[in-house]
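Working notes, structure below.
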Amino acid sequence: MGSELFFRIGFVTELVSAMFFVLAAWALYVLLKPVNKNLALLFLLLNLGGVAVECINMLNLFAALQFLNGANYLNVFQTGQLQAMAMSFLNSYTNGFRIAQIFFGTWLLPLGYLVYKSRLVPRLLGILLILDFFGVLIWFFQFFLFPSYGVASYPSYAVGFIAEFSLSLWLLIKGVKNQKPPLVGVS
């Protein structure tokens, strides 16, 4: 509670970043739709699923804050109980974040395939995104099925960083190759 303003700023920042993530996915959808419309729609829907889970999960953060705000109706609880309930919601937020990763990880497979096939950016970036898909799935299943084996998922962090950062950097600096999209329905 000593940093409530920063907590609230972080809350709003995550919501705004989720909105920008949807916009980025939409831009990738528009860019890659000519390669394969169905796969582009699939990765867009998977992204939207992840963002929906992320945004709903944000309620856990807000609930934790409410337990510590000193409202009169909370006087029936002792301080330790309020702190325990707040911590429970913070832990629920962490687990909800991990649940959202099944969507955020899965969207990488069709995205990587489309990047690879498009030839708008280097094919290596598509391969890295597909490897990132496998890394995120390993991390996801390892956490929920084998939580004591965290070391198994460490390599996926490096692959994910390299894949996603490289794609972002490439698109920001180099852009895409000037290619005319294929004409659909013209013979």
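Just so it is clear, none of the values below were taken in a lab; they were calculated from the coordinates. None of the values given here were measured: they were computed from a predicted structure. Positions of Cβ are generated from backbone atoms using ideal geometry, with glycine treated the same way; all protein chains shown enter the neighbour counts.
Descriptive notes on the structure:
- Between region 1-55 and region 114-150, the Cα center-to-center distance that results, in Å: 18 Å
- For the chain, built as a Gaussian network whose Cα springs stay under 10 Å, the top-fluctuating residue of L59, L114, L169: L169
- Taking only alpha carbon atoms, region 4-173 gives an Rg to Rh ratio of 1.07, where Rh is the Kirkwood radius.
- 222 nm mean residue ellipticity, helices alone, for the chain (DSSP H n ≥ 4; -39,500 (n - 2.57); rounded to 500): -26500 deg cm²/dmol
- Phi-based couplings in Hz for region 27-32 (Karplus 6.51, -1.76, 1.60; Gly and Pro marked x): 4, 5, 4, 4, 5, 9
- Couplings 3J(HN,Hα) for region 10-21, derived from phi with the Karplus relation 6.51 cos²θ - 1.76 cosθ + 1.60 (θ = phi - 60°), are x, 4, 5, 4, 5, 5, 5, 5, 5, 5, 5, 5 Hz, where x marks Gly and Pro.
- Burial order of peptide ranges 130-140, 154-164 (average beta-carbon count within 10 Å, highest first): 130-140, 154-164
- Amide N of region 99-139 lying under 19 Å from the label point, which is placed 7 angstrom from the Cα of A27 along Cα→Cβ: 108, 111-112, 114-116, 118-122, 125-126, 129
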